[in-house]
1. For residues that are touching a residue at least 12 places away in the same chain (Cβ under 8 Å) and at negative phi, scanning just the range 106-116, find the one that is nearest to the ligand (Cβ to nearest atom).
2. Of all residues in the range 4-13, which are open to solvent by less than 30 Å² (accessible area, probe 1.4 Å) and either away from the ligand (no atom under 13 Å from the Cβ) or not in a helix (DSSP H, G or I) (or both)?
3. Restricting to the range 197-210, what's the tally of residues that are buried (at least 20 other Cβ atoms within 10 Å of the Cβ) and out of contact with any Asp or Glu (no Cβ under 8 Å at 6 or more places or on another chain)?
4. Suppose we keep only residues that are of a type in the set (Val, Ile, Thr) and within 14 Å of the ligand (Cβ to nearest atom) within the range 30-52. Which one would you say is surrounded by the fewest Cβ atoms within 10 Å (Cβ to Cβ)?
5. Could you check how many residues of the range 128-170 are outside any strand (DSSP E or B) and within 16 Å of the ligand (Cβ to nearest atom)?
6. What residue, of THR109, THR151, THR191, THR141, is among the hydroxyl-bearing types (Ser, Thr, Tyr) and modelled with pLDDT under 95?
7. Counting only residues that are open to solvent by 10 Å² or more (accessible area, probe 1.4 Å) and over 19 Å from ARG65 (Cα atoms), how many does the range 110-123 have?
8. Tell me whether the range 14-29 contains one or more residues that are open to solvent by less than 20 Å² (accessible area, probe 1.4 Å) and among the hydroxyl-bearing types (Ser, Thr, Tyr).
Amino acid sequence: MIDTHCHLDLYPKPGTVIAEADKRGMFVIAVTTTPKAFLGNMRMIEGRKRIRVAVGLHPELVAERHREVEDVCQLMAKTKYVGEIGIDGSPPHKSSIKLQTEVFSRFLTRASELGGKILSIHSRGAAALVLDEIERNGHGTPPILHWFSGTKQQVERAAKLGCWFSVGPAMLRSRKGRELLASMPRHRLLTETDGPFATDVDRPLMPWDVCMALPAIAEVWETTPANVDQIVSANFRKLINATEQGGAAAKLIGNC
Ligand code: MN
């Protein structure tokens, strides 16, 4: 069971969620929205091996917090995981798109220089721009496109650029989400919740709710949820092993 994009620190009681996710043997990438939050999250997880903290600066915050860009770049040396980063082209954030693109480009370049990083990337309303930047500056860093909402053609372009995709229960509720899933390469598919932002009707998705995505993926792939679970776990191990020597991922992941 793997949640590659969860905002653990934004639940009302993060400590309880962390303890429960750990008890269930889940692997969680706790994305953060500011460098300060990264440091707070590192303290919160208290060395739990299966919960990893990513450093990031959410694209929606770039306009007001771009002074923190270099802090993120420095902290990248302390973690394998980078996120949430990316570009948001939706109406409230369109005005800062040039700045967002420069910042995203800086993060990609820095991650490339350091090497061995795994990136969780936001691309709402900006899929083409995000892919342009990955093509220019994303060398050697496997980017995971989280909750991708571009076109099928963009999925194909992303796959050619070496991108991975993380999908969750909220994305797969929509027909468009399921259609995009169908065009994503199975060997580069991962699961996420984007909790607590993403919800199941009226409650925030919890990290272990990634299990709710398995039947939806199984339907599109015409296989069983258990098989999907195995494929996703194998994919994640492959991703870790590709970015690391030694390949310690295998025993970290429990099943749904
Ligand atoms: Mn998110």
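1. PHE107
2. In the first step, residues of the range 4-13 are kept if they are open to solvent by less than 30 Å² (accessible area, probe 1.4 Å); the result is 4-8, 11.
Answer for the range 4-13, where residues must be open to solvent by less than 30 Å² (accessible area, probe 1.4 Å) and either away from the ligand (no atom under 13 Å from the Cβ) or not in a helix (DSSP H, G or I) (or both): THR4, HIS5, CYS6, HIS7, TYR11.
3. Residues that pass the stated criteria total 1.
4. THR34
5. 7
6. Unique residue meeting the criteria: THR141.
7. So the count comes out to 6.
8. Within the range 14-29, not a single residue is open to solvent by less than 20 Å² (accessible area, probe 1.4 Å) and among the hydroxyl-bearing types (Ser, Thr, Tyr).
The values are calculated or read from the model by the stated rules, or taken from the named source; none is laboratory data. None of the values given here were measured: they were computed from a predicted structure. Glycine also receives a Cβ, built like all others from the backbone with ideal geometry; neighbour counts cover every protein chain displayed. Heads up: the accessible areas ignore ligands, DNA and RNA and are worked out on the full protein's heavy atoms, side chains in. Shrake-Rupley method; radii C 1.70, N 1.55, O 1.52, S 1.80 Å.
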